[in-house]
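Visitor: Quick one: the structure is below, and I'll ask about it shortly.
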Amino acid sequence: MLQTLRDIRWASILTVLVAGAFTLVTLVAALRGRVWAWVPFTLSAAILVRELRYLQRARRQPAGFDEPDRRAGRS
């Protein structure tokens, strides 16, 4: 269990939480008529999506494309 806690990317999870909260705040401000809020909303939403995709890729198992071709030794 300790190894599992070490494998978690805490900085990315914190980034997702902070960016998600900031995205919601700026979205509410933008929908209430604050035109300036669209720029930080767009930036924080982009950061949120990037970090979520990073976490998804980090959890995925390697596909094995880097392994040598086993058929090369056959005649």
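The values are calculated or read from the model by the stated rules, or taken from the named source; none is laboratory data. What you see is a predicted model; the values in this text were computed from it and never measured. Glycine also receives a Cβ, built like all others from the backbone with ideal geometry; neighbour counts cover every protein chain displayed. Heads up: the accessible areas ignore ligands, DNA and RNA and are worked out on the full protein's heavy atoms, side chains in. Shrake-Rupley method; radii C 1.70, N 1.55, O 1.52, S 1.80 Å.
Visitor: Note down the nm distance, to one decimal, between modelled labels 7 Å out along Cα→Cβ at Ala29 and at Leu52.
Guide: 2.1
Visitor: Would you list Phe65, Phe22 from the most to the least accessible area, probe 1.4 Å?
Guide: If we order Phe65, Phe22 from most to least accessible, we get Phe65, Phe22.
Visitor: Quick check: convex hull of the Cα atoms in the stretch 16-58, volume per residue, rounded to a whole Å³?
Guide: It is 44 Å³ per residue.
Visitor: Hey, what do the phi angles of the stretch 21-34 turn into as Karplus ³J(HN,Hα) couplings, whole Hz, using 6.51/-1.76/1.60 and θ = phi - 60°, x for Gly and Pro?
Guide: Per residue, the Karplus-derived 3J(HN,Hα) values read 5, 5, 4, 5, 5, 6, 5, 4, 5, 5, 6, 8, x, 7 Hz.
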